[in-house]
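Worksheet: one structure, shown below.
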C-alpha cells in the first residue's frame, strides 16, 4: 500500500486507514493504560495506532516532520511540512467499548492545513480533503461531502478545558431553551463529529478551547472548511484568534443562530467609544446584540457609507445613482427599489420598495433585513437604494433595532453615524419605531408590519419611482 502512495492526500488517507486498522483490531481486548495529565490517559491501542500511522508517513514522506499526540514532536521545529497525528480521538469511549472514535491525520504547511483525513475505525469510512475537494470514501468509492441542516443535530464538546468560562459554558448551551427548541443536542466526545458536520450527519459542532495546531481538531476543521461549512471561533471571530473556541456549522443560518445563543451567555460588554448611545455606554446588553468579538473588519470602517452598528458589525449604505466605490465588492447586497435591479456580480436580494414609501411586502422585507444583519457578522453587506438616504437609512435603522436599540434611538444612531438626512419621511420613521416594537414582526408572520404599512401610506399602488 505504501509503494502506491502518490499525492499528499493519498498519504493522509493511507496513514489514517493504517491507524484505523489497528484500533479496530484491538477493540475489546485488555488494554494497558498510561496516565496523562488532567485525568486523561492513553491505551496500548493509541500507541500502536500512532506507530502504524507514523510508519506510513515516514515511508512516503521521509523528509517531513511529524507531531503525534502520544510521541510528541520528535523533529526540528523549523520543518516546513509537519504531519499532525491523533491516533485515537475518543480514547475514553474506546476504553469503555463504545464505538465512537476517529483516527486523524493532517499535513500542516506555511499556508495552513493542506490535506487531511479522518477515519472511522468501525464503519470503515475515511473522510478526506486535498484542500479542494472533500469526500468520504467507503467501499472504494469517493462521495462528495454535502453539509446540511436537515438533521438538526448539534454536537457539543463537554471535555475540558473551558478557557472562556463564565462567558461561555458548553453545558449552559445545552440547557438553553432557544437551543433545544431549534436543535437536538448530541455529545459524541470525539472529533469524528466534525467529519459528520462536513458530511451532513450533524448540523454543527461547538467546543471551547484554544485549538491552533491541535492534533485533535486540525483534520476535522479542514474537512469542514473544504466542504463549505461556516467555521469560526466561539464568538464568530476568525478561527484561532481572540478567545478561541470553535463553531463549525453546516450553513450561515445555523451558525448565526448558534452565535446568538452563545452571545446571550456573555456578560455585558462596554463599548469603548464615547459616541455610543447612553444605554450602550452603561454596559447594558440589549436583546439580540452580538458581542464585539464577532465583528468583521472586511469593510474599511472609515470608508464612505460604512456604518458600524452598536455591536461592531460593519454595513455599507450606498446610493445606486452614484458610481460604485472602489473594491472590495460586497458579498451580499440588499437593494431597495421599485423595480428589479440588473444582475450584479455578487449575491443580491431585491425588496420592492418605492421611493419615499414603504416596502410593498413588509414581511419579506423583515426577512431580508434579518438575513442582512446575520450575515454582517462575517461578510461584507451592502444596503442600497437610488439616493442612499430614505429607504437605505430606514433599512439601516432596522438593522440597528436588530442590534438591540429601540426604534427612535436607532433612527438617531443612523442619523448621527451614517447621514443626518436618513429616514426621510414620517412613514419611514414610524416604520422603524414599529419595527422595534414588534422586533421585525416575524413571530406573527409579519402581519404586524404589514398593518403598519397599510396604516401609514395605504399600499396597493406602485408609483413606479426608482
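The values are calculated or read from the model by the stated rules, or taken from the named source; none is laboratory data. Only a predicted model underlies this, so the values are computations on that prediction, with no experimental measurement involved. So basically every Cβ, Gly included, is an ideal-geometry build from the backbone, and we count neighbours across all protein chains shown.
Annotations for the structure displayed:
- Residue check for residue 52: modelled with pLDDT of 95 or more, within 23 Å of residue 124 (Cβ to Cβ) and surrounded by fewer than 22 Cβ atoms within 10 Å (Cβ to Cβ): yes
- In the range 322-337, the residues that are over 12 Å from residue 384 (Cα atoms) and in contact (Cβ under 8 Å) with a residue 24 or more places away in the chain: 328, 329, 331
- Residue 206 meets the stated requirement of being in contact with a strand residue (DSSP E or B) (Cβ under 8 Å, 6 or more places away or on another chain), in a strand (DSSP E or B) and either modelled with pLDDT of 95 or more or surrounded by 17 or more Cβ atoms within 10 Å (Cβ to Cβ) (or both).
- Residue within the range 272-290 that is buried (at least 23 other Cβ atoms within 10 Å of the Cβ), in a helix (DSSP H, G or I) and either modelled with pLDDT under 95 or at positive phi (or both) present: yes
- Selected residue (only one of 21, 42, 49, 59 is under 14 Å from residue 104 (Cβ atoms) and in contact (Cβ under 8 Å) with a residue 12 or more places away in the chain): 49
- One residue alone among 341, 354, 359 is part of a loop (DSSP other than H, G, I, E, B), assigned by TED's automatic domain parsing to the domain that holds residue 325, buried (at least 17 other Cβ atoms within 10 Å of the Cβ) and touching a strand residue (DSSP E or B) at 6+ places or on another chain (Cβ under 6 Å), and that residue is 359.
- Annotation: residue 391 fulfils all but one of (1) modelled with pLDDT of 90 or more; (2) in contact with a helix residue (DSSP H, G or I) (Cβ under 7 Å, 6 or more places away or on another chain); the unmet one is (2).
- Test: residue in the range 309-328 that is at pLDDT below 90, out of contact with any strand residue (DSSP E or B) (no Cβ under 6 Å at 6 or more places or on another chain), under 22 Å from residue 410 (Cβ atoms) and outside any loop (DSSP other than H, G, I, E, B): no
- Whether a residue is more than 30 Å from residue 13 (Cβ to Cβ) and free of Cβ contacts under 8 Å to residues at least 60 places away in the same chain was assessed, and residue 171 passes this test.
- Failed condition for residue 413, given (1) closer than 23 Å to residue 352 by Cβ; (2) surrounded by 19 or more Cβ atoms within 10 Å (Cβ to Cβ); (3) at pLDDT 90 or above: (1)
- Considering residues of the range 136-150 that are under 23 Å from residue 22 (Cβ atoms) and free of Cβ contacts under 8 Å to residues at least 60 places away in the same chain only, the residue surrounded by the fewest Cβ atoms within 10 Å (Cβ to Cβ): 140
- Filtered residues of the range 419-443 (kept if surrounded by 18 or more Cβ atoms within 10 Å (Cβ to Cβ), at positive phi and at pLDDT below 90): 440, 441
- Qualifying residue in the range 26-43 (condition: more than 35 Å from the chain's Cα centre (by Cα) and assigned to a helix (DSSP H, G or I)): yes
- Conditions (1) more than 23 Å from residue 24 (Cβ to Cβ); (2) assigned to a strand (DSSP E or B); (3) free of Cβ contacts under 8 Å to residues at least 12 places away in the same chain; number of the one not met by residue 185: (3)
- Matching residues in the range 371-392 - criterion: being under 20 Å from residue 338 (Cα atoms) and either in the same structural domain as residue 237 (by TED's automatic domain parsing) or part of a helix (DSSP H, G or I) (or both): 372, 390, 391, 392
- Any hit, the range 71-78, residues being in contact with a strand residue (DSSP E or B) (Cβ under 7 Å, 6 or more places away or on another chain) and crowded, with 16+ Cβ neighbours inside 10 Å: no
- Some residue of the range 99-107 being surrounded by fewer than 24 Cβ atoms within 10 Å (Cβ to Cβ), under 22 Å from the mean Cα position of the chain (by Cα) and under 21 Å from residue 225 (Cα atoms): no
- Residue in the range 214-227 that is exposed (fewer than 15 other Cβ atoms within 10 Å of the Cβ) and either out of contact with any helix residue (DSSP H, G or I) (no Cβ under 9 Å at 6 or more places or on another chain) or in a helix (DSSP H, G or I) (or both) present: no
- Check on residue 186, touching a helix residue (DSSP H, G or I) at 6+ places or on another chain (Cβ under 7 Å) and farther than 20 Å from residue 104 by Cα: no
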